1. Only one of these conditions is not met by residue 241: (1) in a loop (DSSP other than H, G, I, E, B); (2) loosely packed, with under 13 Cβ neighbours inside 10 Å; (3) more than 24 Å from the chain's Cα centre (by Cα). Which number is it?
2. Without any contact (Cβ under 8 Å) to a residue 60 or more places away in the chain and open to solvent by less than 70 Å² (accessible area, probe 1.4 Å): which single residue out of 261, 250 fits that description?
3. Please tell me if residue 292 is open to solvent by 60 Å² or more (accessible area, probe 1.4 Å) and within 30 Å of residue 95 (Cβ to Cβ).
4. What's the number of the condition residue 207 fails, among (1) among the basic types (Lys, Arg); (2) open to solvent by 90 Å² or more (accessible area, probe 1.4 Å); (3) more than 23 Å from residue 183 (Cβ to Cβ)?
5. Of the residues that sit in the range 264-289 and are hydrophobic (A, V, I, L, M, F, W, C) and assigned to a loop (DSSP other than H, G, I, E, B), which one is least open to solvent (accessible area, probe 1.4 Å)?
6. Within the range 18-57, which residues are of a type outside the set (A, V, I, L, M), open to solvent by less than 40 Å² (accessible area, probe 1.4 Å), over 25 Å from residue 133 (Cβ atoms) and at pLDDT 95 or above?
7. In the range 180-204, which residues are free of Cβ contacts under 8 Å to residues at least 40 places away in the same chain, in contact with a Phe, Trp or Tyr (Cβ under 9 Å, 6 or more places away or on another chain) and either buried (at least 18 other Cβ atoms within 10 Å of the Cβ) or not in a helix (DSSP H, G or I) (or both)?
Amino acid sequence: GPARSAQHSLYFKNAEGKYISPFHDIPLFAASEEDKEIPAKRSKINGSEVVFNMVIEVPRWTNAKMEIATKEPLNPIKQDIKKGKLRYVANIFPHKGYIWNYGALPQTWEDPNHTDNSTGCCGDNDPIDVCEIGSKVRSSGEIVQVKVLGVLALIDEGETDWKIIAIGMDDPEAEKIHDIDDVRKHKPGYLEATVDWFRLYKVPDGKPENQFAFNGEFKDKEFAIEIIKSTHEYWKALLHKKADGGAIKCTNVLVCGSPFCCSEEDARLIVQSAPPPVNGDPISTEVDTWHFLNK
């Protein structure tokens with residue numbers, strides 16, 4: 001369907017032209033150059049860096065809330081809908097839309113049945129979110145190889161909602177930014193703006209400010225990678241029916257041993273059965289409103 005419509009769905013194909021799920025079939029760990037199989041047998045290590053795949057949902061400076069549709073088969077990227085309306089995040093002065101390229105790590109899941117030891121809250125039932133802070137504006141649906149720098153623990157309506165801070169391996173600044181302290185050094189003000197953004201972004205919709213674990217402090221790279229690994233284990237349990245995902249669709253094409261694995265033909269039929277396109281909705285002028293809030 002056309003962009004800015006409830007029917008707009010971005011489905012994914014791999015290099016062989018097979019339809020796949022960006023949630024389940026794209027490997028969490030980026031493949032080494034000599035190992036291009038999906039899922040990869042060996043993860044890519046650049047120096048001492050473990051490299052992750054990131055799925056871009058929302059390009060920087062845009063505000064249509066695009067996300068992996070976890071409750072639809074093959075999990076296309078779609079615009080979120082609230083109360084029957086396409087959802088846009090508010091522009092909070094001095095920002096326009098999202099202030100990073102925003103997306104998720106595939107093959108991760110924040111288990112709503114698990115209470116996190118460090119936050120005391122359950123997971124938010126989604127793949128783990130990523131803020132990619134590089135200099136390029138990415139495209140929705142782009143797969144970017146990233147290195148992780150740190151993590152922020154947002155508490156969103158009582159749920160743990162980790163926000164991984166990362167940078168694309170192909171970014172010009174990636175060679176000098178290796179951890180959260182390097183972000184402070186080379187991009188002064190960015191982390192503070194990130195906390196402000198997440199604290200306030202629902203206020204224009206009449207909701208209270210969001211809260212954070214650890215008093216809003218960023219945890220380091222090592223902590224972040226352990227969080228990612230734990231959400232990868234929860235995802236494995238989900239895909240092998242060892243955890244209850246509720247309405248989440250686990251349909252996949254490439255996860256060996258998963259009872260939800262389907263054939264290429266089944267995947268093609270899922271895409272073919274998607275609703276036919278209709279005209280996109282006119283975008284409300286409210287989308288461009290600048291909100292001035294007391295901080």
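The values are calculated or read from the model by the stated rules, or taken from the named source; none is laboratory data. Keep in mind that this is a model prediction, so the values were computed, not measured. Because the Cβ atoms are built from the backbone with ideal geometry, glycine has one as well, and the counts that use them run over all protein chains shown. Accessible surface areas use protein heavy atoms only, side chains included; no ligands, DNA or RNA. Shrake-Rupley method; radii C 1.70, N 1.55, O 1.52, S 1.80 Å.
1. (3)
2. 261
3. Yes, satisfied.
4. (2)
5. 274
6. 21, 24, 25
7. 191, 199
Let's see how each residue does on (1) open to solvent by less than 30 Å² (accessible area, probe 1.4 Å); (2) in contact (Cβ under 8 Å) with a residue 40 or more places away in the chain; (3) within 24 Å of residue 232 (Cα to Cα):
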position	(1), (2), (3)
70	yes, yes, yes
91	yes, yes, no
100	yes, yes, yes
108	yes, yes, yes
114	no, yes, yes
